[in-house]
Amino acid sequence: MAAKSIGDTLPLSAEACPLPRTGYLRLHQIIGRPARKGRSPIAAIIPVSRSTWWAGVKSGRYPRPTHALGGRITAWRVEDIRKLLSPGDERTTEKQMSPSTRSDGIKQQA
C-alpha cells in the first residue's frame, strides 16, 4: 500500500498506525508521546507538536475534539482521524502556506 502524508509531515502508512473501526483517541495517541518515567513510548499517527495540533484544530486543518467522555476529557473520534488520513480529504492535500505567501504560491515581499 502506498504511503500517505499530511502537509509537510512525515509519510504515514495504514500498516504503521492501525486504528480501531470506532471509538475515541486521546491527543497523545494521535501525536505520540516519548518514553518517560517508566511509560512506554507511543508512536505518532500524525507527527506534530501539541501547539501545532491545537493551532490546526483552531484553523480547521484538524478535526474538532469531542467531550463525549466527560466535560474535562478531550478526545477525537477515530472516524474523524481516519477521514483526516484519507487521501481524498482536502485538508491532507492542501499545502500549508505561511501568511506571507499568496494564494497562487508566490512569496510576497515583506
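Just so you know, all these numbers are worked out from the coordinates, no wet-lab data involved. Predicted model, so just to flag it, every value in this text is computed and none were measured. Positions of Cβ are backbone-derived with ideal geometry, glycine not excepted, and every protein chain shown enters the neighbour counts.
Annotation for LEU19 and ALA35: the two label points, set 7 Å from Cα along the Cα-Cβ direction, are 2.7 nm apart.
Summing Cβ point charges (Lys, Arg +1; Asp, Glu -1) relative to the Cα centre of the range 24-92 gives a dipole of roughly 400 debye. The label-point distance for GLU79 and VAL57, in a model that sets each label 7 Å from Cα toward Cβ, rounds to 2.0 nm. Placing a label point 7 Å from the Cα of LEU69 along the Cα-to-Cβ direction, the residues of the range 23-43 whose backbone N falls under 13 Å from that point are 23-31.
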